[in-house]
Amino acid sequence: MKTLIVAAATVAFLAGGLQDEPQVTLLCKPPARGAKFPRLRFDGTAPYPDKTVMRMHLFRQSEVWAGGRIERIATGTGGGLVEVSGKKFAYEPGVDGPGEYMVHVDFVEENQRASVLESMKGKLQRKRWSFTFPAWNDELAGQLSVKLQDVDALASESLDLIRKYEKACVSKQSWDAESKALTRECMQLLAKIDRSDAKSVYSAAMSQIHYTVRSVHGTSPYFHWEKGQFAGGKSYHAEGEEIKTHRQEKYSFDNLRRYVEDAVPVAGRELGLWVIKDLRRTAGTLKGEMADVLKAQAQHAGLAPFVEFLQKATPADLDGLEKDLRAGVPEKKEEKKDEKKPADSKK
């Protein structure tokens with residue numbers, strides 16, 4: 001399949017006579033299919049002298065789980081300096097995977113040669129250009145089901161591990177006998193989670209699994225028992241203060257299980273968000289591999305209540321659908337009443 005080149009629009013010029021200022025442009029080429037170390041390719045134009053230096057800042061839009069909602073955050077993923085040559089420049093950073101990326105292209109005076117500054121004196125009023133890109137192509141659809149299955153499998157393994165910890169913690173003596181083996185198993189699972197590339201697609205769900213297993217591992221050296229009952233973790237560095245979970249709740253195996261169980265429907269909702277993002281990228285209707293993925297995962301927890309809405313979505317529906325997916329509550333469609341039909345049709 002031919003790799004798509006995604007064109008970006010610059011941020012609107014500020015008012016005040018900048019319409020005539022030369023424009024910086026930028027194109028984005030998504031990572032190559034199957035790339036072990038994915039990279040984005042940016043090709044830009046800038047009508048400035050050779051040796052002009054532009055500073056690039058790259059941000060990845062990703063999903064996080066916060067207070068029962070899936071929220072979008074922008075995380076800096078690096079940057080660098082590029083030099084203009086023949087009115088062109090290029091930048092090829094490594095990235096975590098497909099996603100929505102924002103790029104700032106800055107003209108910073110301290111990075112310029114004296115000759116460049118002299119030639120541009122009084123000509124450059126604007127010093128930042130911003131672009132956004134949906135940096136993936138049609139091949140992403142084929143990864144969504146596979147990586148969703150990875151999330152489900154890791155969640156299942158994490159729940160099994162939590163059950164083992166709970167069983168071992170029935171008494172201090174039992175924990176002392178089994179702690180070494182369980183700690184080793186926990187570290188292996190945590191490494192497996194960290195290696196999984198599912199986090200590049202299902203970041204909100206994977207972060208919950210990661211932080212939960214990390215909490216199990218990090219708190220276990222501080223486990224304590226009161227009157228023979230497991231009582232969570234107690235910090236000996238803060239006057240015996242009880243250690244809480246990463247969600248700032250009581251450290252209990254019930255809560256830890258709930259966090260991992262939450263991750264499964266969160267991943268389903270993230271798949272729904274990918275469908276919406278892709279519909280915006282293609283400015284079309286659901287079809288091809290993405291439609292097949294949605295059909296194949298139609299019964300997945302978290303996604304199931306939204307499948308019919310996504311399959312019938314028009315561009316005008318996308319903002320509302322995204323809002324509902326992030327909240328986890330599908331919009332309730334009120335049935336239209338037939339005004340001609342009596343309220344009580346019983347005879």
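Of the residues Gly240, Gly218, which single one is among the small types (Gly, Ala, Ser), closer than 30 Å to Gln61 by Cα, in contact with a strand residue (DSSP E or B) (Cβ under 9 Å, 6 or more places away or on another chain) and surrounded by fewer than 18 Cβ atoms within 10 Å (Cβ to Cβ)?
That would be Gly218, the only listed residue that is among the small types (Gly, Ala, Ser), closer than 30 Å to Gln61 by Cα, in contact with a strand residue (DSSP E or B) (Cβ under 9 Å, 6 or more places away or on another chain) and surrounded by fewer than 18 Cβ atoms within 10 Å (Cβ to Cβ).
The set of residues in segment 1-45 being assigned to a loop (DSSP other than H, G, I, E, B), farther than 21 Å from Ala141 by Cβ and at pLDDT 50 or above consists of Asp20, Glu21, Pro22, Gln23, Val24, Phe37. Within segment 49-58, restricting attention to residues that are in contact with a strand residue (DSSP E or B) (Cβ under 8 Å, 6 or more places away or on another chain) and touching a residue at least 40 places away in the same chain (Cβ under 8 Å), the residue that is surrounded by the fewest Cβ atoms within 10 Å (Cβ to Cβ) is Lys51. Screening Glu178, Glu166 for residues that are within 19 Å of Asp254 (Cα to Cα) and in the same structural domain as Leu294 (by TED's automatic domain parsing) leaves exactly one candidate, Glu166.
Screening segment 62-90 for residues that are in a loop (DSSP other than H, G, I, E, B) and either charged (D, E, K, R) or touching a residue at least 12 places away in the same chain (Cβ under 8 Å) (or both) and picking the one that is farthest from Ala267 (Cα to Cα) gives Gly86. Of the residues screened, Val151 is not one that is assigned by TED's automatic domain parsing to the domain that holds Leu294 and not in a helix (DSSP H, G or I). Every test in (1) within 17 Å of Asn137 (Cα to Cα); (2) exposed (fewer than 13 other Cβ atoms within 10 Å of the Cβ) is passed by Gln61 save one, and that test is (2).
The condition of being touching a Leu at 6+ places or on another chain (Cβ under 6 Å) and not in a loop (DSSP other than H, G, I, E, B) holds for only one of Leu271, Leu256, that being Leu271.
When each of Tyr101, Tyr91 is tested for being outside the structural domain of Gly302 (by TED's automatic domain parsing), surrounded by 20 or more Cβ atoms within 10 Å (Cβ to Cβ) and in contact with a Cys (Cβ under 9 Å, 6 or more places away or on another chain), the lone residue that passes is Tyr101. Among the residues making up segment 21-45, a single one is of a type in the set (D, E, K, R) and without any contact (Cβ under 8 Å) to a residue 12 or more places away in the chain: Lys36. So which residues in segment 243-252 are over 18 Å from Cys169 (Cα atoms) and either of a type in the set (Phe, Trp, Tyr) or surrounded by 11 or more Cβ atoms within 10 Å (Cβ to Cβ) (or both)? Hits for segment 243-252 are His246, Arg247, Glu249.
The values are calculated or read from the model by the stated rules, or taken from the named source; none is laboratory data. Nothing here was measured: the structure is a model prediction, and the numbers come from that model. Neighbour counts run over all protein chains shown; Cβ positions are idealised from the backbone, glycine included.
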